[in-house]
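A short write-up of the structure that comes next.
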Amino acid sequence: GNSVTQMEGPVTLSEEAFLTINCTYTATGYPSLFWYVQYPGEGLQLLLKATKADDKGSNKGFEATYRKETTSFHLEKGSVQVSDSAVYFCALSGYSTLTFGKGTMLLVSP
Amino acid sequence: EAGVAQSPRYKIIEKRQSVAFWCNPISGHATLYWYQQILGQGPKLLIQFQNNGVVDDSQLPKDRFSAERLKGVDSTLKIQPAKLEDSAVYLCASSLDLGRGPNYGYTFGSGTRLTVV
């Protein structure tokens, strides 16, 4: 079946540091891949997505590239801000549903 | 556009009691999903509706959980009787239809946080 594995957190960074959160997946077929973000007390928000191999999703300075050869979709940001502190979930889609990783908490200090 | 509405935001109950959660999807969204998010884990699909019909409830613990979407709009998820391990955030999501799911706009509500003591 489908599964997603993310690096465990928390990831603790200082403001303006470089961020990488690793995500690998197992799936049949060619799923779309997503990063969702969950701020404290809020629901899940779509951060970015990629629908086919070699696609790069980007939003708000975050980027991730769909790597079919390594079954990965790592999230990166060049310079994090305190406001980026949240839990980040990697996910893949089946026909109409999502399979999520366990989430990675990011804590950014001033 | 109004988002996915859920209520209540928080609920604390004792084990063996019953509880119900309500979800109102985005207007015009035919597909509705309930996910369970246990602390420290990613959301897990419980049940999926297309209009008022169940598409997938294979992960729903049917001995204690039930869900309905009688008029194809809002939905109710019920737990009876609750167990300690049911403590989680219950997230509702909606999308236009089955064929236009996560790739086209899949909106989550803020969730209901359930604590069973």
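The values are calculated or read from the model by the stated rules, or taken from the named source; none is laboratory data. The model shown is predicted, which means the values in this text are computed figures rather than measured ones. Positions of Cβ are generated from backbone atoms using ideal geometry, with glycine treated the same way; all protein chains shown enter the neighbour counts. SASA here: full protein model, heavy atoms, side chains in, ligands and nucleic acids out. Shrake-Rupley method; radii C 1.70, N 1.55, O 1.52, S 1.80 Å.
Return a yes/no flag: does the range A:61-72 have any residue that is out of contact with any Leu (no Cβ under 8 Å at 6 or more places or on another chain), more than 11 Å from chain B (Cβ to nearest Cβ) and of a type in the set (Phe, Trp, Tyr).
No - not one qualifying residue is present in the range A:61-72.
May I ask you to list the residues in the range A:83-110 that are in a strand (DSSP E or B) and open to solvent by 30 Å² or more (accessible area, probe 1.4 Å)?
Of everything in the range A:83-110, those that are in a strand (DSSP E or B) and open to solvent by 30 Å² or more (accessible area, probe 1.4 Å) turn out to be A:Val87, A:Thr99, A:Met105, A:Leu107, A:Ser109.
Looking at A:Val11, A:Val80 in this structure, which one is open to solvent by less than 10 Å² (accessible area, probe 1.4 Å) and either within 12 Å of another protein chain (Cβ to nearest Cβ) or at pLDDT 95 or above (or both)?
Checking each option against the conditions leaves just A:Val80.
Does the range A:39-60 hold any residues that are surrounded by fewer than 17 Cβ atoms within 10 Å (Cβ to Cβ) and facing chain B (nearest Cβ under 10 Å), and which are they?
Listed by number, the residues that qualify are A:Gly41, A:Glu42, A:Gln45, A:Thr51.
For A:Gly29, state whether it is within 12 Å of another protein chain (Cβ to nearest Cβ) and either farther than 30 Å from B:Cys23 by Cα or part of a loop (DSSP other than H, G, I, E, B) (or both).
Spelling it out, it is not the case that A:Gly29 is within 12 Å of another protein chain (Cβ to nearest Cβ) and either farther than 30 Å from B:Cys23 by Cα or part of a loop (DSSP other than H, G, I, E, B) (or both).
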